[in-house]
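Chemist: Before I ask anything, here is the structure I am working with.
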Amino acid sequence: ASGPADVGAILGERLLTTLEAAEDRVDEEIHHLESMEEDELEKLRRERMEQMRRIAKQKAEWHAAGHGEYAELTDEKDFFKLMKKSKRAVIHFYRPSTWRCDVVDKHLGKLAPKHMETRFLKVNAEKSPFLVERLRVMMLPTMVLIKDGRTDHAIIGFDEMGGTDDFPTEALEAVLLRHGMVFESACG
């Protein structure tokens, strides 16, 4: 019969085998990088620089389209024009007298600069009856998620973030990630 000492020894051997295999893989990668010729390294540098340029250009385009800040849309006539400029948008319909809307404002204000890939706007529901009706906003706060110019989902109240008023910003961020509204690389 095998006892606890035998199980510990077996686990120790398996852990050692796993670590040795990982070390072998790292050694192979180091050897590969050391044996690369200058041309290969230069090619990798050029590809990385081009990737960085594309990312910088995309961020500049997002910034020019109003991404990176949490802004208020004061004229509902501008809504459709703005949605054509952004692939992803989170629109918070609020009422100044609804304190839970302030909770949403706090979280979206933190997420907007972190997630340049998405446009974050707020709309006063009382001053935008056409949009409220068109987007079927029935309760406040409501966050309408728009992808490629179409309504994808609506987050109504706080249920998706755990159903409490004191949910963390990361809970809302996780919901937006699940709906494809933010990129995972910016989360965390």
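The values are calculated or read from the model by the stated rules, or taken from the named source; none is laboratory data. Just so it is clear, the model here is predicted, and its values are computed rather than measured. A quick note on method: Cβ atoms are made from the backbone with ideal geometry, for glycine too, and the neighbour counts reach across all protein chains shown. Please note that ligands, DNA and RNA were not included when accessible areas were found on the heavy atoms of the full protein model with its side chains. Shrake-Rupley method; radii C 1.70, N 1.55, O 1.52, S 1.80 Å.
Chemist: Which residue, Leu73, Leu44, Leu140, has the most motion in a Gaussian network model of the chain that connects Cα atoms within less than 10 Å?
Modeler: Comparing Leu73, Leu44, Leu140 in the GNM, the peak value goes to Leu44.
Chemist: Sticking with this structure for a sec: Find the all-direction average of the projected area of the Cα convex hull for the stretch 24-63, expressing the result in square nanometres with one decimal place.
Modeler: So the Cα hull casts an average projection of 3.6 nm².
Chemist: Can you give the calculated 222 nm mean residue ellipticity of the chain, where each DSSP H run of n ≥ 4 adds -39,500 (n - 2.57) and the sum is split over every residue, rounded to the nearest 500 deg cm²/dmol?
Modeler: -17000 deg cm²/dmol, from helical runs alone.
Chemist: Ignoring ligands, DNA and RNA, please state the percent of accessible area on the chain from carbon and sulfur, probe 1.4 Å.
Modeler: 53
Chemist: Build a GNM of the chain with springs between Cα atoms under 10 Å: which of Met36, Met116, Met52 gets the top mean-square fluctuation?
Modeler: Evaluated over the chain, the most mobile residue of the options is Met36.
Chemist: How much net charge surrounds Leu121 when only the other residues with a Cβ under 13 Å from the Cβ of Leu121 are counted, with Lys and Arg +1 and Asp and Glu -1?
Modeler: Its environment carries a net charge of -1.
Chemist: How about the stretch 2-56: which GluC sites (Glu not before Pro) there lie in a loop by DSSP and see at most 12 other Cβ atoms within 10 Å?
Modeler: In loop regions of the stretch 2-56 (DSSP not H, G, I, E or B), the sparsely surrounded GluC sites (Glu not before Pro) are Glu37.
Chemist: Right, another one. To the nearest 20 debye, what charge dipole does the stretch 1-110 have about its Cα centre, counting +1 at the Cβ of each Lys and Arg and -1 at the Cβ of each Asp and Glu?
Modeler: Using Cβ point charges on Lys, Arg, Asp and Glu, the stretch 1-110 gives about 1460 debye.
Chemist: Here's another thing I want to ask about it. Below 8 Å between Cα atoms, with a sequence gap of 6+, how large is the relative contact order for the stretch 36-188 in percent?
Modeler: Reported as a whole number, the value is 25 percent.
Chemist: While we're here: Leaving out ligands and nucleic acids, note down the accessible area per residue over the stretch 65-178 with a 1.4 angstrom probe, in whole Å².
Modeler: The answer is 51 Å² per residue.
Chemist: Can you give me the distance in nm between label points at Phe183 and Ile55, each placed 7 Å from the Cα along the Cα-to-Cβ direction?
Modeler: 0.8
Chemist: Under unit Cβ charges (Lys, Arg +1; Asp, Glu -1), what dipole magnitude, rounded to 20 debye, does the chain have relative to its Cα centre?
Modeler: Here the chain has a charge dipole of around 1740 debye.
Chemist: Let me ask something additional. So which DSSP H runs in the chain come out at 30 Å plus along the axis (Cα) with average Kyte-Doolittle of at least -1.0?
Modeler: Membrane-span-like by this criterion, though nothing is claimed about a membrane: 4-35.
Chemist: For the stretch 128-188, report the % of Cα-Cα distances exceeding 19 Å.
Modeler: Within the stretch 128-188, distances greater than 19 Å cover 36 percent of Cα pairs.
Chemist: Hey, another quick one. Of Lys57/Lys127; Lys81/Lys106; Lys87/Lys127, which pairs sit farther than 32 Å apart, going by alpha carbon to alpha carbon?
Modeler: From the list (Lys57/Lys127; Lys81/Lys106; Lys87/Lys127), the Cα-Cα distance tops 32 Å for Lys57/Lys127.
Chemist: Follow-up. Give the average over all directions of the projected area of the C-alpha convex hull of the chain, one decimal, in nm².
Modeler: 17.6
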